[in-house]
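Trainee: Structure in C-alpha cells, see below.
Since every read-out is calculated from the coordinates, none of them should be taken as a lab result. Model, not experiment: these values are computed from the prediction. So basically every Cβ, Gly included, is an ideal-geometry build from the backbone, and we count neighbours across all protein chains shown.
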Amino acid sequence: MPPYKGKEFIFSSKDLEHENGIIPVNETLQSVQWKNIYVVGDANNIKGTKTGRAAELQGVLAAENIIQQMHHEPLRTIQT
C-alpha cells in the first residue's frame, strides 16, 4: 500500500507547514505552528489507525479544546 498523502488544499497553503500534506500537531490537536488551528483525522500526524471513528473522537476533542481555549481554560490531551 502506498504511503498516505494529504489533501490538495494543504499542499496549496503557503503558510501551513506540513510533511507530504500531513500537518504536525501537539497532544491537544493544535498545529505546532499555529495555536489557533486544530487538525483532526487523516490530516494530522497522530499515530494510530486513520478511521472515521478516530477522526470523530479527535473532532470532539478539538471542539472541546476550542471552547476551553476561548475561556482561557486548560486544554485536554488526546489519549493514544
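Trainee: Would you check the chain for Lys pairs whose C-alpha atoms are within less than 19 Å, ignoring same-chain pairs closer than 8 in sequence, and give me the count?
Mentor: 6
Trainee: Hey, what do the phi angles of segment 14-27 turn into as Karplus ³J(HN,Hα) couplings, whole Hz, using 6.51/-1.76/1.60 and θ = phi - 60°, x for Gly and Pro?
Mentor: Residue by residue, segment 14-27 yields 8, 10, 10, 6, 7, 10, 6, x, 9, 8, x, 10, 8, 6 Hz.
Trainee: Could you sort the peptides 7-15, 42-50 by per-residue average Cβ neighbour count (10 Å cutoff), highest mean leading? Present the calculation step by step, with values, prior to reporting the outcome.
Mentor: On the way: 7-15: 10.0, 42-50: 13.8.
The densest-packed peptide leads the list: 42-50, 7-15.
Trainee: Using amide H atoms built in the peptide plane, which far-off residues or other-chain residues are under 5 Å from residue 76 H to H?
Mentor: none
Trainee: Quick one: Debye curve from the C-alpha atoms of segment 18-80, no solvent, what's log10 I(q)/I(0) at q = 0.18, 0.20, 0.28 Å⁻¹?
Mentor: -0.57, -0.71, -1.28
Trainee: Give me the percent relative contact order of segment 8-70, please, defined on Cα pairs under 8 angstrom at least 6 residues apart.
Mentor: On the way: 69 pairs, mean separation 15.1, N = 63.
About 24 percent, as a whole number.
Trainee: Something else now. Grab the other residues whose beta carbon is less than 15 angstrom from that of residue 77, score K and R as +1, D and E as -1, and report the net. Please report the intermediate quantities before stating the final value.
Mentor: Values: positive: 35, 47, 76; negative: 27, 64, 73.
So the environment of residue 77 carries a net charge of 0.
Trainee: Can you tell me the 0 to 90 degree angle between the C-alpha axis of helix 52-70 and the longest principal axis of the chain, rounded to 10?
Mentor: Compared with the principal axis, the helix lies near 40 degrees.
Trainee: Can you list residues from other chains, or at least 5 along the same chain, whose modelled amide H is less than 5 Å from the amide H of residue 23?
Mentor: Sorted by chain and number, the residues that satisfy this are 44, 45.
Trainee: Quick one: which of 57-63, 30-36 comes out on top by average Cβ neighbours within 10 Å, and what's the full order, highest first? Working shown, then result.
Mentor: On the way: 57-63: 16.4, 30-36: 13.9.
Highest-to-lowest ranking by the protection proxy: 57-63, 30-36.
Trainee: Hey, another quick one. Sticking with the crude label model, points 7 Å out along Cα→Cβ, report the distance from residue 55 to residue 34 in nm, one decimal please.
Mentor: So the two model labels end up 2.0 nm from each other.
Trainee: I would also like to ask the following. Using modelled backbone amide H atoms (1.01 Å from N, in-plane), which distant-in-sequence or interchain residues come within less than 5 Å of residue 38's amide H?
Mentor: Close amide H contacts, sequence-distant or interchain: 31.
Trainee: So, one more: Calculate the spin-label point distance for residue 64 paired with residue 13, positioning each point 7 Å from the Cα along the beta-carbon direction, and give it in nanometres.
Mentor: 2.4
Trainee: Let me ask something else. Do the sum for the chain: with -39,500 (n - 2.57) for every DSSP H run of n ≥ 4, divided by all residues, what is the mean residue ellipticity at 222 nm, to the nearest 500 deg cm²/dmol?
Mentor: -9500 deg cm²/dmol
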